[in-house]
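> Pasting a structure below so you can have a look.
The values are calculated or read from the model by the stated rules, or taken from the named source; none is laboratory data. Values in this document were obtained by computation on a predicted structure and should not be read as measured data. Here the Cβ positions follow ideal geometry from the backbone for every residue, glycine too, while neighbour counts run over all protein chains shown.
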Amino acid sequence: MKYKDSDLALNPLSKLRHINIRRHIFLILCLLITSSSIAQDKNIFFDISSGVGRLYPNAYLRNLAGQVTFFNARVGLKTLGEKEWQRIYNYPLLGIGISHNYLTTRSLGNPTAVYSFLILPLLGRSELKLNLGMNLGVAWGYNPYRSQYPNETVIGSPVAFYTAVNLNSSFHVTKSLEFLFAYEFYHTSNGNTNKPNFGINLLGAEAGLRYTLTHSKAVFIRDPVPFAGKNSSFRVFGSWGQMKQWVGVSESTVGSVSAGYYRTMNNKSRLSTGADLFYDEATLIETHKENVLRNKLAAGLFVGHELTISKLAIVTQLGVYVLNPNPFDPFYYSRIGLRYALSKRVIASFTMKAHGVAVDFLEWGFGYVLWKS
């Protein structure tokens, strides 16, 4: 059965466009009001950009690959070194933004994302600017899966997690005005909390302008940061979550226990190695094995890195299974996410376990430092 544009919404399309425009204007105004309240003695900036990219869906969705246009508006702060981590990372930029995307096929929707961002200079105070940007937020406006259109959608929920990484640069047109350009990778996923969840991947390039409100009181602090010193620790993490394996089935409980040796190398980096034990009830749905504990447990060994920004750590790990009852999984897995030190011993953790770029499940939990040198 062919689908019609009118089937994708309950209201006329023109009315939806007007609603979306009003929402975007409202969000931009919120960004401007928020920034003006903290612009007393800071380097506040506004930027707007647009770009084009291409969807890169997986093998099941090749017919949806094509050109995408997107727009970004951001409000941010150029840090002045008031905190030690700001000087360690060469005075990064941080703030909040919104993004609107016009996807290749209208069956996917035209999502809008609200996100926080962090831009880390890679070349210090060099005249040549090269920065690493990271975005994290939520996106909405997707057309979720509906049984009457099983081939028209790729995501099972109208709201998804939004992440992006980019390499960006800029040069000054005037003292306060900069020209921006960036090359980036976007990924959205609902973390397998609903099905389908093929994930939407986008590679693109964008260009725009940034205007900085430089206040006369804004002064860079250039005090040196002492070397924290190398140290070792042994940490354990426990997590819990819910996931859907297939459309039409109920949610399954998942979780993990991780134990590892962590070695702090400098003020930015921490290396790790250890072992994981995974509990996954959804394995039974895929393998049709007997409902006993051994058929729901998997184990692996991992190595990893943490980019430490004060009490926050950006976690990346790569592991290999030494035991896995699910023969459909690859031999490897990965973990990416955030961890935040609530105290000297207790750590909050939010990570995603994945196979390649496909999220397996989300992990919510806590960690504990058992020992530290």
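> Among the candidates S349, S343, which residue alone is of a type in the set (S, T, N, Q) and assigned to a loop (DSSP other than H, G, I, E, B)?
Within the list S349, S343, the selection yields S343.
> Would you check if L77 is more than 30 Å from I155 (Cα to Cα), assigned to a strand (DSSP E or B) and modelled with pLDDT of 90 or more?
Yes, satisfied.
Matching residues to (1) over 21 Å from W240 (Cα atoms); (2) surrounded by 15 or more Cβ atoms within 10 Å (Cβ to Cβ):
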| residue | (1), (2) |
| --- | --- |
| D276 | no, yes |
| D280 | no, yes |
| L284 | no, yes |
| K289 | yes, no |
| L293 | no, no |
| A298 | no, yes |
| L301 | no, no |
| K311 | yes, no |
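> Let me ask another. Taking segment 329-341, which residues are in contact (Cβ under 8 Å) with a residue 12 or more places away in the chain and not hydroxyl-bearing (S, T, Y)?
Passing the criteria: D329, P330, R335, I336, G337, L338, R339, A341.
> While we're on this one: Can we say K268 is in contact with a Pro (Cβ under 7 Å, 6 or more places away or on another chain) and surrounded by fewer than 19 Cβ atoms within 10 Å (Cβ to Cβ)?
On the way: in contact with a Pro (Cβ under 7 Å, 6 or more places away or on another chain): no; surrounded by fewer than 19 Cβ atoms within 10 Å (Cβ to Cβ): yes.
Spelling it out, it is not the case that K268 is in contact with a Pro (Cβ under 7 Å, 6 or more places away or on another chain) and surrounded by fewer than 19 Cβ atoms within 10 Å (Cβ to Cβ).
> Within segment 262-281, work out how many residues are without any contact (Cβ under 8 Å) to a residue 40 or more places away in the chain and not acidic (D, E).
10
> Condition first: among the β-branched types (V, I, T) and either at pLDDT 95 or above or outside the structural domain of P330 (by TED's automatic domain parsing) (or both). Now tell me which residues in segment 273-307 satisfy that.
Result: T273, V303.
> Could I ask something else about it? Hey, can you tell me all the residues within segment 342-362 that are under 17 Å from G260 (Cα atoms) and touching a residue at least 40 places away in the same chain (Cβ under 8 Å)?
I347, S349, T351, K353 - these are the residues of segment 342-362 that are under 17 Å from G260 (Cα atoms) and touching a residue at least 40 places away in the same chain (Cβ under 8 Å).
> Please go through (1) in contact (Cβ under 8 Å) with a residue 24 or more places away in the chain; (2) surrounded by 13 or more Cβ atoms within 10 Å (Cβ to Cβ) for W371 and return the number of the only condition it doesn't satisfy.
So W371 meets the others, but not (2).
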